[in-house]
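The values are calculated or read from the model by the stated rules, or taken from the named source; none is laboratory data. This one's a predicted model, so the numbers in the text were calculated from it and none came from an experiment. Glycine also receives a Cβ, built like all others from the backbone with ideal geometry; neighbour counts cover every protein chain displayed. These area figures cover heavy atoms from the full protein model, side chains too; ligands, DNA and RNA do not enter into them. Shrake-Rupley method; radii C 1.70, N 1.55, O 1.52, S 1.80 Å.
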Amino acid sequence: MSGKQDVSFDPKEHQHLRYNPLRDSWVLVSAHRMKRPWAGQVERPPEEHIPRYDPNNPLCPGNKRANGKGNPDYDSTFVFENDFPALQPDAPDPGSDQDPLFQSKAARGVCKVMCFHPWSDVTLPLMKKEEVVNVIDKWAELVEELGTIYPWVQIFENKGAMMGCSNPHPHCQVWASNFLPNEPALSDRCQRAYYEKHGEPMLLQYAKREAEKKERVVVESSDWLAVVPYWATWPYQTLLLPRRHVLRISDLTTEEREGLAAIMKRLLTKYDNLFEVSFPYSMGWHGAPTGPYLKEDNSHWQLHAHYYPPLLRSATVKKFMVGYEMLAQEQRDLTPEQVIHLCTCFHTEQRT
């Protein structure tokens with residue numbers, strides 16, 4: 001006899017793998033690592049005293065940007081062409097190369113910047129509900145407008161200096177491309193395979209099951225559900241889902257847009273209250289492809305938004321995706337269920 005006793009599996013104590021059906025990949029969960037002492041890098045806390053208007057801020061109303069163009073005195077959302085775009089509509093074609101190790105393709109598109117609000121000292125959770133609805137309406141308008149031409153329209157927001165945002169003014173970016181980028185292409189393949197096998201959109205079925213289990217739900221309403229996904233990689237990652245089958249953000253009804261504004265404010269306020277700081281994150285919307293895909297059956301798709309915050313232990317200690325994560329596979333330091341336990345301790349009243 002070995003003398004070893006049978007040990008019951010405890011996800012909070014024993015490492016295990018979780019499957020991500022959106023990426024057809026596995027995540028290593030090692031929650032016991034949170035017990036280790038931290039002597040690594042400590043970040044500076046975000047700047048809390050941001051002026052409402054800064055004459056030197058290129059995103060403020062009436063100010064000039066780096067290219068010399070002036071902003072109008074906008075009082076709601078404001079969209080303009082990115083002054084330093086990663087994609088341009090008239091870029092030349094590099095030509096075809098038959099060598100499988102040296103391939104290139106044409107990459108064309110447009111990049112836009114969208115200011116949420118004329119004030120620099122507000123973020124989405126601090127804005128009025130009707131102001132957030134204006135943001136959602138503009139997102140939908142841009143997806144519809146750019147989607148008539150381009151197969152992919154990516155809405156994304158990098159919030160906070162920790163996520164590489166160099167300007168505190170509340171804004172996001174919208175990049176439209178003549179190609180389907182890697183992440184949505186992978187998501188498209190996985191959702192299609194699931195739909196063909198089960199006859200229902202993956203994320204619609206997933207939302208139903210999470211709503212029933214209530215093990216990882218952060219906030220919910222009659223039209224929307226925000227969860228820490230079972231397969232989450234980032235510590236406080238969330239997935240925001242409509243409860244009915246919706247392909248694109250432009251397909252949302254007026255009532256659903258109002259509900260989205262309300263649940264976004266609740267979710268982001270919970271984030272802010274977690275470490276009592278304006279919470280940094282990268283977020284983005286994924287919906288059915290556009291352009292030529294508008295003529296195809298995209299029933300396997302379900303609209304959703306990803307929130308990827310970098311923080312781990314506090315407002316100044318973040319999760320680093322390095323070493324094993326870069327060279328082997330994704331790994332997280334606490335279970336999604338532990339995150340929910342922490343989140344329930346924080347209310348959705350706005351920070352002042």
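What about residue 52, is it assigned to a loop (DSSP other than H, G, I, E, B), open to solvent by 50 Å² or more (accessible area, probe 1.4 Å), at pLDDT 90 or above and not acidic (Asp, Glu)? So residue 52 fits the description; yes. Does region 291-311 include one or more residues that are without any contact (Cβ under 8 Å) to a residue 60 or more places away in the chain and surrounded by 18 or more Cβ atoms within 10 Å (Cβ to Cβ)? Taking every residue of region 291-311 in turn, at least one turns out to be without any contact (Cβ under 8 Å) to a residue 60 or more places away in the chain and surrounded by 18 or more Cβ atoms within 10 Å (Cβ to Cβ). Within region 194-215, count every residue that is open to solvent by less than 60 Å² (accessible area, probe 1.4 Å) and not in a loop (DSSP other than H, G, I, E, B). Number satisfying all stated conditions: 9. Is at least one residue of region 124-147 in a loop (DSSP other than H, G, I, E, B), surrounded by 16 or more Cβ atoms within 10 Å (Cβ to Cβ) and of a type in the set (S, T, N, Q)? No: region 124-147 contains no residue that is in a loop (DSSP other than H, G, I, E, B), surrounded by 16 or more Cβ atoms within 10 Å (Cβ to Cβ) and of a type in the set (S, T, N, Q). Among the residues making up region 233-257, those that are open to solvent by 20 Å² or more (accessible area, probe 1.4 Å) and part of a helix (DSSP H, G or I) are 250, 251, 254, 255, 257.
Tallying residues that are open to solvent by less than 10 Å² (accessible area, probe 1.4 Å) and either part of a loop (DSSP other than H, G, I, E, B) or over 17 Å from residue 202 (Cα atoms) (or both) within region 216-232 yields 4.
Answer yes if at least one residue in region 104-115 is closer than 23 Å to residue 263 by Cβ and not hydroxyl-bearing (Ser, Thr, Tyr), and no otherwise. Yes.
The number of residues in region 258-290 being assigned to a loop (DSSP other than H, G, I, E, B), open to solvent by less than 10 Å² (accessible area, probe 1.4 Å) and over 16 Å from residue 151 (Cβ atoms) comes to 3.
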